[in-house]
Each structure stands twice: as structure tokens, then as C-alpha cells.
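Peer 1: Please read through the structure below; I'll follow up with questions.
The values are calculated or read from the model by the stated rules, or taken from the named source; none is laboratory data. Nothing here was measured: the structure is a model prediction, and the numbers come from that model. Here Cβ is always computed from backbone atoms with ideal geometry, including for glycine, and neighbour counts include all displayed protein chains. Each accessible area value is taken on the protein alone, full model and side chains, heavy atoms only, with ligands, DNA and RNA left out. Shrake-Rupley method; radii C 1.70, N 1.55, O 1.52, S 1.80 Å.
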Amino acid sequence: GIGKTTLMRHALAQATGFRVLRTSGTDTERDLPFAGLSQLLDPLSDLTGLPEPQARALGVALALRAGEPPDRFAVSAGVLSLLTRASETRPTLVLVDDAHLLDRSSTDALIFAARRLLADAVLVLVALRDGDSSPWLESGLALLALDELDEEACSALIDEVSPVPTGPAQRKMIARLARGNPLAVRELARDPDLLVAGPPGVPPP
């Protein structure tokens, strides 16, 4: 509820003229090797022209070819080749949401590629939950931590979402209870009268 997905949607809305590749980690697929990569690379599934070791390994990883479990280095190199090739004709935006739930095989391949994108027209944006250990946090890639909203920002958000005017006591209580979490502010501001309806010192329902 801190706003990661909202920022991803904002980036997507600004990506005029970009080729967009998207994937999202899920609990149900986090143990399926290359599940996230399969979703992300579906628009680039034509492996023609890649070096044969990369095409073979990536084809097996994406369940496009039969074969033994693929070499992870070859898969990662194939991902890098696909992204750089795509960027030669059109700037490419790679969005990975809920990366803390992405399967490890996909995570490793994407980190490998992201670390080697230097002069290529590829932008990689990854969102993951705070507090979880993740290879992304140890990858050396640029990191933007989303801090809690300050009181002024909470007040602005309350103005935007509350169906009725709110008083100073309601605003302070919402900000205190929400602890700067935008989703919590939205939920609490939906019925601000309920927050101060009970006896003093009794937490709101």
C-alpha cells in the first residue's frame, strides 16, 4: 500500500512510443522456473537470429523447445540479446511489479541483463516490497526507497479522497493511524467521522 504499483502505472502512462514488456511476480508461480520471464518476453518470442546456444537455452526455458534444463548463463545472455535487439528499433520499457514474488530463475536472468544495459534504449523498472531479502537489493542497481508520506502529503491525499470536509483533529488522527501509508490514508479518509465518534482514548474500529 505504499504506492509502488501506482508509480509503475504512472511510468507506463508516460512511455509514449515505447515498446512495453511487463511481468509481475505471484505466490502461485514463484516456484515455477522462468514463469515471470515467459510472461515478460512473450512479445519477443521469435528467437531467430540469436546465437544458437542462447536461442536453444532460451527456447527451452520459455517452453518453446524440448530439451534438457537449460544453461542459466545462456538463458541470461539470451534475455540480454532479445532486449538489446528490441531496443534497436524502438525504445523499450521493462516493468516488473511485485518482484519479491518473481521466480528466482527469472530474477537472476533479468538482473544479469539489467546490469549490462549501458548505451541501449532500454529502461528497466522493478518494484518490490520493503523488508524482504531479494537479489535485486544486492545487485548494485539504482534503488529508490519509497518513504512514508509526511503530514502535508497526507493532508493533500485526504483532500483528494475524503467525501466530506475534514477537520484538524480528523486529519491528525488519520495521519497518525496511517503512519504515512497512502493506502491506509485512503481507507481511513473514506469515513472520517467514524474516527472521532467513540469515547476518548478508545481506538477507532
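Peer 1: Could you work out the relative contact order of the chain? I mean the mean sequence separation of Cα pairs under 8 Å and 6+ apart, divided by the number of residues, in percent.
Peer 2: Dividing the mean separation by the residue count of the chain yields 22 percent.
Peer 1: Quick one: Debye curve from the C-alpha atoms of the chain, no solvent, what's log10 I(q)/I(0) at q = 0.14, 0.16, 0.19 Å⁻¹?
Peer 2: -0.84, -0.99, -1.26
Peer 1: Summing Lys, Arg as +1 and Asp, Glu as -1, what charge do residues with Cβ under 13 Å from the Cβ of Arg9 carry, Arg9 excluded?
Peer 2: +1
Peer 1: Something else now. Using the basic label-point model (7 angstrom from Cα toward the beta carbon), what is the Leu143 to Lys172 distance in nanometres?
Peer 2: 3.6 nm
Peer 1: Ignoring any ligand, DNA or RNA, what whole percent of the accessible area of segment 65-205 comes from carbon and sulfur when the probe is 1.4 angstrom?
Peer 2: Exposed carbon and sulfur together represent 54 percent of the surface.
Peer 1: Say each of Glu152 and Glu88 gets a label point 7 Å from the Cα, pointing the same way as Cα to Cβ; how far apart are those two points in nm?
Peer 2: 4.9 nm
Peer 1: Another question, if that's okay. Write down the accessible area per residue of segment 55-205 in Å², having rolled a 1.4 Å probe over the full set of protein chains.
Peer 2: Ligands and nucleic acids excluded, the result is 58 Å² per residue.
Peer 1: In a GNM of the chain with a 10 Å cut-off on Cα contacts, which of Leu93, Leu157, Leu41 has the highest mean-square fluctuation?
Peer 2: Checking each option, the largest mean-square fluctuation is seen for Leu157.
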